[in-house]
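J.: Pasting a structure below so you can have a look.
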Amino acid sequence: MNYIYKRIGLLFLVFIQLCLGLSENNKQVVMVSISTEGFENDILAPIEARVIYAVRESNRYNVIERSELDLILKEHKLSLSGLVKNSSTINPGELIGAQFSIFGKVNNLDGFYTLDFKLINNSSGSIEKAVNLQIPPSITSIFNHIPSAIAALVDASSPTAEIREIPVRAIRLGANTLSISPLSTFQVHRGPVTAIISNDQIFYSVGEKGEIYEWEFLNNYSHRSIFEYPYWNFVHSSLTESGKYLFVTGADGVIYLWDTSRWGNPFQLKASSHRITAITISNDDTKLYTSNMKGQLDVWDIETQQHLSTAPLFSARVISLSVNSDDKALISFDNVGNLDLYHFDSEAKIFSENTRQSGGLDLISAHEGNSLVSVNRTGELLVWDRSPYSETRFIGNQWLKPGIALRKTVTIQEGEVSAISYSPTEDILVIGLVNGGILVVDAIDWRILAKNIQKRAPVTALEFLNDHQFVTGHRDGSLVSWLLN
């Protein structure tokens with residue numbers, strides 16, 4: 001009798017989850033579980049993130065995350081020991097309301113690499129489709145073949161096939177490293193470079209002394225001054241994804257807005273007299289978010305330049321803002337190490353985490369994966385796995401809140417950190433130092449791949465131009481272009 005009640009209860013939970021799944025664009029729900037074999041380095045988390053990203057981009061399924069899956073299985077004392085249920089067990093995918101499961105395994109058999117993926121129908125236990133690929137033995141090959149494997153598995157069309165490939169660098173699972181070399185140095189700004197922002201084939205450099213330059217890096221870094229007013233002090237900058245609007249904050253709480261097709265004198269936006277400490281733009285280019293010295297968040301409509309709302313985030317100074325991937329919440333980081341997720345609709349904090357990183361510097365988020373990196377000036381990097389969802393979801397028999405989980409702590413010992421940036425494909429991280437040095441860090445296993453510690457002015461800004469080139473701005477007003485070999 002208890003068994004019958006258990007089955008009825010489980011069927012009810014499945015029914016609820018099916019309804020929830022159908023309510024969001026009528027997508028079916030898929031459970032993803034990935035394993036690796038034969039690798040000395042811990043590469044499971046980034047590989048799994050790449051698979052989940054590829055599944056989401058297929059636009060075919062709503063994906064249940066591993067953190068949610070592990071919690072459900074732990075609650076019910078289940079495991080993913082097999083691919084298909086047998087007559088006496090309950091399939092975990094059925095338990096949490098997923099119609100399908102994707103099981104994948106990445107194998108290294110004495111230098112022979114394979115990708116094996118199976119799409120399982122959780123109701124029948126049958127294998128709907130299987131994909132097996134033999135690939136060149138490199139970590140970049142693994143990442144670059146995952147999208148095509150997933151596209152074939154779920155019969156996806158262009159969205160998954162168009163996922164950006166990770167460049168074939170000298171990143172391997174061994175001790176090979178990259179090399180970095182400065183190409184050119186330009187002295188155009190009269191004071192510190194506060195920001196470098198790239199867009200397509202051009203980038204902008206912003207100087208503290210009221211200067212903005214436009215650069216064509218494919219045209220031998222030709223550049224021109226597009227704005228200069230020495231009585232304004234520029235601090236933070238952000239550019240819409242389309243490249244249409246450039247925002248620059250002043251030291252007095254003013255936001256300067258340029259239409260990049262016209263330039264000229266900027267619009268001036270102001271919500272308060274407090275100094276702005278961070279700025280970011282929504283993923284859909286419709287909202288501008290700024291924070292100030294009082295820990296407040298201000299929200300602006302980009303198209304109309306209207307101030308929409310003000311909300312408290314922290315009692316301390318906010319130093320970094322990052323919009324969550326679903327555009328429904330904002331991750332904020334303050335100067336005493338607090339990290340919060342603020343939900344826009346509910347105007348409430350969904351979770352709070354104390355990173356214990358005093359003297360916080362920056363918070364950067366990977367867009368193609370689920371990694372979040374918080375860093376302080378002393379060189380302590382905390383790598384977090386974050387949920388891409390900003391709202392509580394009902395999975396199994398419980399409500400699961402979004403959150404973050406600490407994956408790894410990395411200590412930089414080469415000097416005080418002053419700037420940090422992901423490469424476009426997010427497989428490496430470049431770090432600028434107060435002593436002028438540059439570090440290239442593998443964003444897969446978090447070892448230092450290359451360094452250049454030549455003495456130069458402190459790095460104050462850093463931006464990638466493409467997968468192999470980046471530019472640093474310095475306190476003495478110089479810009480240096482770099483090449484990854």
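Nothing in this text is a laboratory measurement; each read-out follows from the coordinates by a stated rule. Since the model is a prediction, treat every value here as computed from it, not as a measurement. All Cβ positions, glycine included, derive from the backbone under ideal geometry; neighbour counts span all protein chains shown.
J.: Using a simple spin-label model with points 7 Å from Cα along the Cα→Cβ vector, what separation in nm is obtained for Ser352 and Ser272?
T.: Here the modelled spin labels are 1.7 nm apart.
J.: Now for a different question. At what distance in nm do the modelled label points of Asp42 and Asp476 sit from each other, each positioned 7 Å from its Cα along Cα→Cβ?
T.: Rounded to a tenth, the inter-label distance reads 4.1 nm.
J.: Over 26 Å between C-alpha atoms is what I'm after, so list which of Lys244/Lys451; Lys287/Lys408; Lys105/Lys349; Lys129/Lys328; Lys209/Lys244 land there.
T.: Pairs exceeding 26 Å: Lys244/Lys451; Lys287/Lys408; Lys105/Lys349; Lys129/Lys328.
J.: Cα to Cα, under 12 Å, and not fewer than 8 places away if on the same chain: which aspartates and glutamates meet these conditions relative to Lys118?
T.: The reachable aspartates and glutamates, counting only those whose Cα sits under 12 Å from Lys118, are Glu128.
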